[in-house]
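Structure first, then comments.
The values are calculated or read from the model by the stated rules, or taken from the named source; none is laboratory data. Values in this document were obtained by computation on a predicted structure and should not be read as measured data. Heads up, the Cβs are rebuilt from the backbone with ideal geometry, glycines too, and the neighbour counts pull from every protein chain shown. What goes into the accessible areas is simple: the full protein's heavy atoms, side chains included, and nothing from ligands, DNA or RNA. Shrake-Rupley method; radii C 1.70, N 1.55, O 1.52, S 1.80 Å.
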Amino acid sequence: AGGWTRGLYSLHRADASSGEGAAASLPSGWSRSRCVLVGWLTGESARAVSGRPSRELLRELEAGLAPFWRLLPSWRPVAVHATSWTANPLFGGSYSYPRPAAPADAADRLAAPLACGGLPTV
C-alpha cells in the first residue's frame, strides 16, 4: 500500500478565490480557510486510491511525500479525498493530460461542469 504516491502526476493549487473548477466542489468552508491542492493520478495509481478511506490515503500520502517536507515546511496535508471514477462504467477510468503549452488554469477548466442553457449537464 502507498505505492500510488509514486504515480502522482501533479499537484495543482485550486484557485479557491474564483469559486470555479476544482475549488467549487470543496466542502463548505475549505475554500476560505485552507490551501487546497488537487493531485492527479493515472492508471494503476488511480485505481489504487479509488473509493478508499481518507485516513488511509492521508497516511500513505504523508509517507510518500516525506522526502519533500523540508522543501514545504508550512504545508502538511490534513485530509485526502479520492474519487471512485475508475468504477464508473460510463467512464471506465478515462482521463486526459494537459499539453506542455496548456494554460495554467487547464485543470480548473477541465473540472468545471459542462453547461447547456446555463444548467450543468454533466
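Here are the numbers for the structure shown:
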{"item": "Members of region 97-112 found to be open to solvent by 80 Å² or more (accessible area, probe 1.4 Å) and at pLDDT below 80, listed by number", "result": "97, 99, 110"}
{"item": "Failed item in (1) of a type in the set (D, E, K, R); (2) out of contact with any strand residue (DSSP E or B) (no Cβ under 9 Å at 6 or more places or on another chain); (3) modelled with pLDDT of 85 or more, with residue 34 passing the rest", "result": "(3)"}
{"item": "Hits in region 59-85 - residues which are over 13 Å from the mean Cα position of the chain (by Cα) and among the aliphatic types (A, V, I, L, M)", "result": "63, 65, 66, 71, 72, 78"}
{"item": "Residue in region 7-16 that is at pLDDT 85 or above and either farther than 21 Å from residue 120 by Cβ or touching a His at 6+ places or on another chain (Cβ under 6 Å) (or both) present", "result": "yes"}
